[in-house]
Amino acid sequence: MTIFCLFLAVIFSPVLCEQWSANVVKNLDALVSSCVVVPCTFNYPNEDLPASRLRGIWHHFKSKQDFIYYKDETRVLDSFKGRTKLLGNLGQKNCTLEITDIRNHDNGPFCFRVELAQTEFDTSTKDKYSFVEECVKLNMLPDPPMPTLDSKDTGTVGHVYTISCTVKHSCPSHPPSLTWSRSTEDGVIELHTDMLNGIWKKQSILTFIPEEKDDYSDITCTAKFHGRKTSSAIKTLHVKREENNKHIIIPAVVGISVAVIFGVFCVFIVKRYKRRIAELQNQDGSLWNRLSRLSRRIHSGGPGQFQSEQRVNKVKTHVSTDQKVSKPRFPSPKSQPKACHYKQDLDDGDDYMNTADLSVYGNI
Ligand SMILES: *[C@@H]1O[C@H](CO)[C@@H](O)[C@H](O)[C@H]1NC(C)=O
């Protein structure tokens, strides 16, 4: 059709393309008790006329006489008196209609009709047109739509948290108000967006800095529609502490530090004891050195000498019992733990003599 018009426009004149036409939303949700704004534009096959020479009428689809809107309100159906208003400027070919205090029976369809007057005061309009192909049907909503809340799942203490509340509606002349259950002193941004075809979106974006006490607290957004119907949405806040990591890291660091300090202490103690043991072993070592020196000397004398020594011991024991001589020079194994005496005994040089004596005895 557009292409055909363009074709005609090229061949004939642009005037021919200026036909009777209207652009009305076909279906629109309307909240009972609230209002609805029906977007509408129209055109007519004439040069542009001032609003004063245009009569806009909205009537029920059933009859061209059932006016729901007319400039002269006395001709409007009783059930619509005082409830309809032409928001659009007819001079701008805008026939947008507002119906307030929506009632259950306001379904429609409602159609637009325009009459062109010869003069401003002419009542006998010659050109008139009802755009009965372009009518709006209203879908009655007994209950308001619920707002939707959108935000991050979890907030952080001390960090900006943003939550938005959105509700759709069809009453841009009296948009719903959105209120929050918590203080909005930190800042609220409100947006009102045309979603086209009569649907609008009201949005409230709340920004605040959560505290620790906000965890598991509910935040409510309430939409109050024109006509006092309300709906609300609740979200439970989840706020995490920023120090969460510190709570894990600090005890871990403390634990590791304590372990390291204890470890170092243990190593120190062990080293100290080792040194002490080494010192003791060195003392013992001198003993052992002497013992081994002695042992070497004995062995260098040959096994015979050792045997003789044993024999001598026996003999000497015998002798001592007989002759009641002094104690044996070699201490019995029982007396060995008395290392000092033993050492002294070994040191005192008597041994040579003793051994010699014993050898003598042994040789006997
Ligand atoms: C028609 O008028 C309404 C109400 O003033 C306005 O919101 C809308 O934007 C207008 N439409 C056009 C196409 O100018």
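The values are calculated or read from the model by the stated rules, or taken from the named source; none is laboratory data. Everything numeric in this text was worked out from a predicted model, so none of it was measured. Here the Cβ is made from the backbone with ideal geometry for all residues, glycine too, and neighbour counts use every protein chain on show. Surface accessibility is based on the protein's heavy atoms, side chains included, excluding ligands, DNA and RNA. Shrake-Rupley method; radii C 1.70, N 1.55, O 1.52, S 1.80 Å.
Which residue pairs have Cβ atoms under 6 Å apart, sit 6 or more places apart or on different chains, and have a first residue in the stretch 56-71 that is in the same structural domain as SER21 (by TED's automatic domain parsing) and a second that is surrounded by fewer than 19 Cβ atoms within 10 Å (Cβ to Cβ) and of a type in the set (Ser, Thr, Tyr)?
LYS64/SER130
Give the residue that is nearest to the chain's Cα centre (by Cα), with candidates limited to residues of the stretch 75-108 that are open to solvent by 50 Å² or more (accessible area, probe 1.4 Å) and within 20 Å of SER21 (Cα to Cα).
Among those residues, the one meeting the criterion is LEU87.
Give, as residue ranges, the strands (runs of 3 or more DSSP E) completely inside the stretch 161-258 that count at least 1 residues that are farther than 30 Å from CYS135 by Cα, open to solvent by 80 Å² or more (accessible area, probe 1.4 Å) and in the same structural domain as ILE102 (by TED's automatic domain parsing).
none
How about the stretch 31-51: which of its residues are away from the ligand (no atom under 16 Å from the Cβ) and under 20 Å from THR230 (Cβ atoms)?
Across the stretch 31-51, the qualifying residues are LEU31, VAL32, SER33, SER34.
Does the stretch 194-204 include one or more residues that are in contact with a strand residue (DSSP E or B) (Cβ under 9 Å, 6 or more places away or on another chain) and either over 30 Å from LYS85 (Cα atoms) or among the β-branched types (Val, Ile, Thr) (or both)?
yes
Could you check the stretch 58-111 for strands (runs of 3 or more DSSP E) lying wholly inside it with 2 or more residues that are within 16 Å of the ligand (Cβ to nearest atom)?
The strands (runs of 3 or more DSSP E) meeting that bar are 84-86, 97-99.
Every residue in the stretch 56-72 that is surrounded by fewer than 19 Cβ atoms within 10 Å (Cβ to Cβ) and either at pLDDT 95 or above or out of contact with any Gly (no Cβ under 8 Å at 6 or more places or on another chain) (or both), please.
LYS62, SER63, LYS64, GLN65, ASP66, ASP72
Please verify whether ILE234 is over 30 Å from LEU97 (Cα atoms), touching a strand residue (DSSP E or B) at 6+ places or on another chain (Cβ under 9 Å) and modelled with pLDDT of 90 or more, treating the condition exactly as stated.
So ILE234 passes the test.
Taking the stretch 184-243 as the region of interest, how many residues are over 19 Å from LYS168 (Cα atoms) and not aromatic (Phe, Trp, Tyr)?
Qualifying residue count, the stretch 184-243: 23.
So that you can scan it fast, the table gives a plain yes or no per residue for (1) of a type in the set (Ser, Thr, Tyr); (2) modelled with pLDDT of 90 or more; (3) in the same structural domain as MET195 (by TED's automatic domain parsing); (4) touching a Lys or Arg at 6+ places or on another chain (Cβ under 6 Å):
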residue	(1), (2), (3), (4)
VAL36	no, yes, no, no
PRO45	no, no, no, no
THR74	yes, yes, no, no
PHE80	no, yes, no, no
